[in-house]
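Presented below is the structure to which this report refers.
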Amino acid sequence: MRKKVVAGNWKCNTNLQEGVELAKAVNEAVAKDGAKDVVVVLGTPFTHITSVVDAVDTNRIGVASQNCAAEAKGAYTGEVSAAMVKSTGAEYVILGHSERREYYGETSEILNKKVALTLENGLTPIYCCGEALDIREAGTQNDFVKTQLEETVFNLSAEDFSKIIIAYEPIWAIGTGVTASSEQAQEMLAFIRGLIADKFGAAVAEETSILYGGSCNPKNANELFANPDIDGGLIGGASLKAEDFLAIINAY
Ligand code: 13P
């Protein structure tokens with residue numbers, strides 16, 4: 001059965017001490033009341049990863065970086081490679097987030113390299129896709145998301161594709177307090193699952209965890225997660241408060 005996943009994306013928030021405190025609080029709460037069948041992931045800044053890995057029970061909580069370099073190693077000042085991320089004990093890499101596509105010019109070509117390096121290093125990509133408001137208003141969101149997937153992760157072999165997690169995050173719902181309705185989210189995730197079935201077969205589609213992200217919070221998580229194709233969430237703002245993040249985990 002495919003896994004349910006609740007992953008926090010802390011983005012560029014918390015200093016090291018605050019991040020470790022947050023991770024410890026999540027760790028404690030998950031050990032006490034966290035839904036046992038939910039994979040919990042903390043997507044921390046690079047600087048925090050090693051300390052967060054040390055602060056949590058990694059049998060229960062996975063740690064993610066929010067990016068990695070598009071090159072394996074070498075003279076790329078300021079970059080952090082997938083191999084470096086792997087060496088910290090992290091297990092996941094968030095890739096293709098709309099903020100990276102929009103503010104840092106990440107193209108499909110760049111993302112293909114990052115996905116490949118992530119997989120080569122035995123890390124699990126949490127691969128993001130999703131449309132902007134003008135595309136949703138024009139009603140072309142399905143075509144847009146299909147192209148995003150076709151240009152990137154649909155180039156993988158079925159074996160490699162089956163190792164990744166997909167996150168659908170409509171840009172108009174990120175950090176805006178405007179959540180996609182549970183019908184909109186379910187409709188898109190079912191559409192994505194159908195594309196995966198067409199490309200890789202029904203068995204791969206059935207096993208792929210597809211997450212929703214965008215203003216997911218303790219109030220709406222329950223309704224969102226009740227949908228058959230929504231396998232969890234990628235959580236921004238609400239992952240910065242242990243109590244809210246735990247409430248989302250327990251929405252299952
Ligand atoms: P918010 O939950 O703050 O809307 O952010 C979602 C997101 O971008 C997670 O990657």
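Values as computed for the structure displayed
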quantity	calculated
Test: residue in segment 159-168 that is part of a helix (DSSP H, G or I) and of a type in the set (Ser, Thr, Tyr)	no
Leu149 being open to solvent by less than 10 Å² (accessible area, probe 1.4 Å), away from the ligand (no atom under 16 Å from the Cβ), in contact with a helix residue (DSSP H, G or I) (Cβ under 9 Å, 6 or more places away or on another chain) and more than 25 Å from Gly89 (Cβ to Cβ)	yes
Condition broken by Gly236, with the remaining ones in (1) at pLDDT below 95; (2) within 25 Å of Asp134 (Cβ to Cβ) satisfied	(1)
Some residue of segment 192-209 being of a type in the set (Val, Ile, Thr) and modelled with pLDDT under 95	no
Among (1) of a type in the set (A, V, I, L, M); (2) without any contact (Cβ under 8 Å) to a residue 12 or more places away in the chain; (3) within 16 Å of the ligand (Cβ to nearest atom), the one test that Ala197 misses	(3)
Condition met for Val93 (of a type in the set (A, V, I, L, M, F, W, C), closer than 21 Å to Asn15 by Cα and touching a Cys at 6+ places or on another chain (Cβ under 7 Å))	yes
Candidates Asn217, Asn222 - the one that is within 10 Å of the ligand (Cβ to nearest atom), farther than 17 Å from Gly130 by Cα and without any contact (Cβ under 8 Å) to a residue 40 or more places away in the chain	Asn217
Enumeration of residues in segment 3-51 that are outside any helix (DSSP H, G or I), loosely packed, with under 14 Cβ neighbours inside 10 Å, touching a residue at least 12 places away in the same chain (Cβ under 8 Å) and more than 16 Å from the ligand (Cβ to nearest atom)	Lys3, Asp37
Residues (among the small types (Gly, Ala, Ser), away from the ligand (no atom under 12 Å from the Cβ) and either part of a loop (DSSP other than H, G, I, E, B) or surrounded by fewer than 19 Cβ atoms within 10 Å (Cβ to Cβ) (or both)) located in segment 200-214	Gly201, Ala202, Ala203, Ser209
Hits in segment 80-106 - residues which are in a helix (DSSP H, G or I) and of a type outside the set (Asp, Glu)	Ala82, Ala83, Met84, Val85, Lys86, Ser87, Ser98, Arg100, Arg101, Tyr103
Residue match in segment 153-167 (condition: more than 16 Å from the ligand (Cβ to nearest atom) and open to solvent by less than 10 Å² (accessible area, probe 1.4 Å))	yes
Scope segment 234-247; condition within 9 Å of the ligand (Cβ to nearest atom) and either assigned to a loop (DSSP other than H, G, I, E, B) or at positive phi (or both); matching residues	Gly236
Which numbered condition Asn250 misses (of (1) open to solvent by less than 50 Å² (accessible area, probe 1.4 Å); (2) of a type in the set (S, T, N, Q); (3) more than 12 Å from the ligand (Cβ to nearest atom))	(1)
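The values are calculated or read from the model by the stated rules, or taken from the named source; none is laboratory data. From a predicted model like this one, the values you see are computed outputs, not experimental measurements. Here Cβ is always computed from backbone atoms with ideal geometry, including for glycine, and neighbour counts include all displayed protein chains. Protein only, heavy atoms only, side chains kept; ligands, DNA and RNA dropped before computing areas. Shrake-Rupley method; radii C 1.70, N 1.55, O 1.52, S 1.80 Å.
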